[in-house]
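What follows draws every value from the coordinates through simple rules; no lab data is involved. Everything numeric here is computed off the predicted structure, so don't read it as measured data. Cβ atoms come from the backbone with ideal geometry, glycine included; neighbour counts cover every protein chain shown.
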């Protein structure tokens, strides 16, 4: 029977694999319009998809041919069948090219070509035996109706072409996204100005949804308008039209496209980039899917999609149909289907008392109609296919009073949501229209203008005019006024918001928020649930927000309607979640592999500055058992002290030269070689001995240093209190370390040797406002004031008797002094010269003019003039990432 | 017609802002309004709230240890438990500087009674796991907090419907849906509020503005821990209950996304489910900043990091003049306008900037 035309066959009649290609086709004969404008019934073809033989005609897409052949299911989701649809169809690969998923083709825009052997992306990823099983399954009746794909619970339908690298870049003066009335008009007016224009249209035909909407009043028929625009556009050499080309990302003058071409007779997909400083978004609106259980079963079709399938490809599922609509224009599809021989059992209008010319036409043609009736649920009618649809009146919710119909195709019309996907991606804002229950664009973006229904225009003439206006705006010309007259509501009842069926716990079927790729479900209301005896705490509530999936703009609108998304949040949620779900790639990080702290480190890190006071020294701490201390171990006065707040130092580096212990910065004064302290290791406090102080660390102006300050001199010597050693470098600045001399004489004080008693040391006033646990042990009592900017010599009390300890070891030859930072290595300046500041402080100084926030003498006067803050920030906002483009709209606009 | 003035206007949309407003109203009997926007669970979080931080200052940890139980008790009282859970976050350091800083953190935290274990060291760096830290879920917490605020008489003003002017003396004039509202003292409690209400010249020099990217992935393999903080990559990952990962990356967007990808490497194809680019504020010296703005007396709260919400009780006491001596000392050392003196309270400011 291949190639022979035959009437529509009843659903359920079993067909052999090589059956007529017209299972779901409307007849070409008769007084009706739904004959398939794109197909050539004289050129039948067939191809294979996951092993199933699909029959079609030249002009079909893979999708239209598949549905026409009876393949109406895309697979299963959570165990329930899922419709194959223009907005939801799996990507396919040539069987010979399964190794590269970037070659995948979108079914809805790929032309059907005879002899192809195609595999769905999901199937291509399966082991060979599963692929064979699928081949067998495809021979069964149920298998012929539905692909054997199980969609993940979470995650959007994979669209691998989003990740393909653009093979070609196209430059234009103006890019027009969308080939409907508004897009054609915009392209034409710009091309006539001499601009290089590229128009991009997803479908293979132009005119958008104009044929579906028809004309209003004395408007010219849409076919005439489209033909006129197209003819004029095609006559201009500077205008390029790309059909079967989908724009999926938009960012700062660049549009990412995926296009299907025929190359050597084989469909191939190409990734393109379109660069244009001006872009018109004329992408139209999405038809909302009414929300009810079973709203995406095979056979449930949006009214626009059903119309285009029939109008362009002659495809219609079965012969019995039902329409549930919240709009008047939804009636058009079924009226034309009825003319083509489809039995329309009922039109259920959700509006209470709808008035429309379409309603009158429908009555005249004998279509049964009902008002205030909405879809309650849909379920598979049985093994032979078809749907069992329940309709209910609002007043009957919960009463089990409803009407039931068994049909093959259930058309649903839920109203319109402007397709703001690319607008949001580009950084555009939107707002929630509570009256119409939809998101609408708001504000402006530089270089981007919207036109047509996406901008809110309704009738055909207004869409055409809006295209011209968009171009005028982009070129800073005066924008013509646009008139969009609507028929009075008395005669044409406005569209209702998308219907949402009441939740019925007895119906266990998925209710999807939209018909797109996200598969987002309406969550069930939270139920009270008794906590089991074994549960210690209540389970956290689970909501739609927890699902890790990108959303469509219609999902967001539906989410607001079902109460999941606050209306005020809807614009931001749409910006954040309606994105191109591209891959996250490990771009590699360039940083050195982990290496231990440099053994040459002698300076503690900046974040330890002031931690133990302004005057600290660096010591090697050694434990008797020869252990090495981890960086971060705290140094305490004794083993009994464990509170980190009482620590007097910390190990900041391993001991140099391969020694055990660790290098510690300590803020106790004075300290002597051999003094015993404690280091808190992870498990215990360990007694340690101080060895080899390498260099002092000071952050305040110093006194004149001694002429030759050996590494192990007491502090008095280091500070040069002998008076004869001015302007000499301090030990540790790179020069050879001399042997430890006798303790120098301090003026006015008795001379003592270091071996017999610790010299009285001098300390410098601590910094004002010191915080942290600066341990100024033995410091001057005036240290608390800390107000004097100049160094003050304070007398320090004699240290207490040292606890019993091992005798101090003989001084060992000091290791080669490590190099110091530049500022410390310089000759110690005079006391009044500025001291080197910690690195962090330098960063603060460099950050801006040295003006403190608050005046030193108090807050600003209360009678200071009021300052109205300008919320705009001169700091430029960094550009969003090219692949996704989602950024804070407010910031982008600043 | 002007209403009775509020004593405090808290500007912000984070848990810190909400808790601060509520504590001022309930514990300190102040008349407070909160100017912010709701953060529905659908929105990508622009930060995480966890009672742990890569800080090396013992006083910071001591304060956190003191205030965290207060916050937990409060959330329990206001039915906020669904927004709270106990987790074991993992901190990852991959350069010598970060490893040392984490080691410092570990010793300080352990000295104060926290359990911090060092995980297996690998070429990829060192990981430390901190036991039993509290993590807040903003989306789930917000309804409880808002209900509590409404019950306690805190004025709730949506950012979308307000226009606020903050004067040099720190007072605020707010236009909200046609109503004129005055507040005696404005507190800018989150980054968005600081950016919205302070010009560059009014921000303390300690503050720096950075680009940040919030990313949500589709369902993927579980992380090694519920929360992972990569110090050198400047990435934070939190596993969501839906199986996806919420990621925050600092720095240029392209680089941040690449670094996030690096942290999630080895999971097979990983796809985005949401993305947001925004600006965030941090301090150059790693220490929090709690104090006046430059040239004006509005209070600015910045650089408190991932533990910000848990400092709410102490900050509320500070604002109400009821802070303990230790709290006062802590915050006064971290005020703005202190210039180089802030170096004495500097903390680890993040690892080496790693460009992907």
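Each part gets one Cα centre, and for region B:1-71 versus region A:625-646 those centres are 36 Å apart.
Taking 0.36 nm per residue of separation and subtracting the current Cα-Cα distance, fully stretching the chain between residue A:646 and residue A:524 would add 38.3 nm. Inter-label distance, residue A:486 to residue A:140: 5.0 nm, where each label sits 7 Å from its Cα along the C-beta direction. Enter the angle in degrees (range 0 to 90, nearest 10) between the Cα long axis of helix B:15-26 and the first principal axis of the Cα atoms of chain B, meaning the one along which they spread out most. Roughly 40 degrees between the two axes. Considering only B:127, B:184, B:161, the mean-square fluctuation computed in a Gaussian network model of chain B, springs between alpha carbons under 10 angstrom, is largest for B:161. Of interest is the spacing of the C-alpha centroids, which for region B:122-153 and region A:507-522 amounts to 31 Å. Can you classify region B:6-344 as rounded, prolate or oblate using the Cα gyration tensor, where a ≥ b ≥ c are the square roots of its eigenvalues, rounded means a/c under 1.5, and otherwise it's prolate if a/b beats b/c and oblate if not? Verdict is prolate for region B:6-344. A Förster radius of 41 Å, combined with the Cβ-Cβ distance separating residue B:73 from residue B:223, puts the computed FRET efficiency at roughly 0.90. Efficiency by 1/(1 + (r/R0)^6): what FRET value for residue A:166 and residue B:177, r their Cβ-Cβ distance, R0 = 35 Å, to the nearest 0.05? It comes to 0.15. Working from label points 7 Å from Cα in the Cα-to-Cβ sense, the residue A:627 to residue A:383 distance is 7.6 nm.
Once the Cα-Cα distance is subtracted from the 0.36 nm per residue extended length, the residue A:223 to residue A:370 segment shows a gain of 49.8 nm.
Based on C-alpha pairs under 8 angstrom that are at least 6 apart in sequence, region B:6-344 has a relative contact order of 24 percent.
Over all Cα atoms in region A:394-475, the spread is summed up by Rg and Dmax: 18.8, 60 Å. Taking chain B as a Gaussian network of alpha-carbon nodes connected by springs under 10 Å, the highest mean-square fluctuation of the residues B:228, B:296, B:53 belongs to B:296. Take the Cα of residue A:360, step 7 Å toward its Cβ, do the same at residue A:431, and the gap between the two points is 3.7 nm. Against chain B, whose longest principal axis comes from its Cα atoms, helix B:138-151 is set at around 20 degrees.
Note on chain B: with a GNM built from Cα contacts shorter than 10 Å, the maximum mean-square fluctuation among B:21, B:51, B:62 falls on B:62.
Classify region B:1-133 as rounded, prolate or oblate, taking a ≥ b ≥ c as the square roots of the eigenvalues of its Cα gyration tensor: rounded when a/c is under 1.5, otherwise prolate if a/b is larger than b/c and oblate if not. Judged from the Cα gyration tensor, region B:1-133 comes out prolate (a/c at least 1.5, a/b above b/c). What the Cβ-Cβ distance of residue B:326 and residue B:267 gives, at R0 = 60 Å and to the nearest 0.05, is a FRET efficiency of 0.85.
What separates the Cα centres of region A:170-247 and region A:304-381 is a distance of 29 Å.
Would you please classify the overall shape of region B:173-293 from the alpha carbon gyration tensor, given that a ≥ b ≥ c denote the square roots of the eigenvalues, rounded means a/c under 1.5, and beyond that prolate means a/b larger than b/c while oblate covers the rest? Cα axes put region B:173-293 in the prolate bin.
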